[in-house]
1. Can you confirm whether the stretch 74-92 contains a residue that is modelled with pLDDT of 95 or more and touching a Pro at 6+ places or on another chain (Cβ under 7 Å)?
2. Tell me which residues, restricted to the stretch 20-47, are surrounded by 21 or more Cβ atoms within 10 Å (Cβ to Cβ) and farther than 12 Å from H133 by Cα.
3. From Q58, Q96, grab the single residue that is at pLDDT below 95 and either surrounded by fewer than 22 Cβ atoms within 10 Å (Cβ to Cβ) or not in a loop (DSSP other than H, G, I, E, B) (or both).
4. Do we find a residue being over 27 Å from V138 (Cα atoms), charged (D, E, K, R) and surrounded by fewer than 16 Cβ atoms within 10 Å (Cβ to Cβ) anywhere in the stretch 67-82?
5. Would you tally the residues in the stretch 1-23 being assigned to a helix (DSSP H, G or I) and of a type in the set (K, R)?
6. Out of A95, A123, A117, which single residue is among the aliphatic types (A, V, I, L, M) and over 19 Å from L37 (Cα atoms)?
7. All but one of (1) touching a strand residue (DSSP E or B) at 6+ places or on another chain (Cβ under 9 Å); (2) among the charged types (D, E, K, R); (3) in a loop (DSSP other than H, G, I, E, B) hold for D71, so report the exception by its number.
Amino acid sequence: MQTPIRKMSGTKRIALVAHDNKKSELIEWAIYNKTALARHKLFGTGTTGALVQEALEQTVTRFLSGPLGGDQQIGASIAEGKIDVLIFFWDPMEAQPHDPDIKALLRLAVTWNIPFACDRATADFLLTSPLMHDDYEVVVPDYSLYNNRLRNPNQSPK
């Protein structure tokens, strides 16, 4: 059986998300990386997307605010193969009312094997990788056995 592959173009679709206490850090990072980010299509949740768009003078496709469903919208876009990279500056020191949505978003990034960064250092490494600006073939995990178990729960795994 052939491993499923999803082709990612050199122009990546990057989702930018930040908690309130991390928005200024994300904006500072985005301004510092303005030239590199200009080569890609940007997406963002509510306020973060508006702030990035204003700071970079680059179009940012905006979803709802994170707590109002924006995190879930980005997660759905990841599952649909419409987001290639997730940059999420999250605040580990403050509980968020939508923590389950955040966990689900990070889980989807891992589930669909997309690169993601949760802090500035990792975002720097990601954005400066040669792979970031070239076409890339993503190995898509095969969840068919998992799906079969869901449909036939009494069937033993092979």
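1. Yes, there is a match, as at least one residue in the stretch 74-92 is modelled with pLDDT of 95 or more and touching a Pro at 6+ places or on another chain (Cβ under 7 Å).
2. K22, L26, W29, A30, L42, F43, G44, T45
3. Q96
4. For the stretch 67-82, residues over 27 Å from V138 (Cα atoms), charged (D, E, K, R) and surrounded by fewer than 16 Cβ atoms within 10 Å (Cβ to Cβ): absent.
5. Looking only at the stretch 1-23, we keep the residues that are assigned to a helix (DSSP H, G or I), and these are 20-23.
Pick out the ones that are also of a type in the set (K, R) and you get 22-23.
Count: 2.
6. One residue alone meets the criteria, A95.
7. All conditions pass for D71, except number (3).
The values are calculated or read from the model by the stated rules, or taken from the named source; none is laboratory data. All of these numbers come straight from a predicted model, not from anything done at the bench. Note that we place each Cβ from the backbone using ideal geometry, even for glycine, and neighbour counts take in every protein chain shown.
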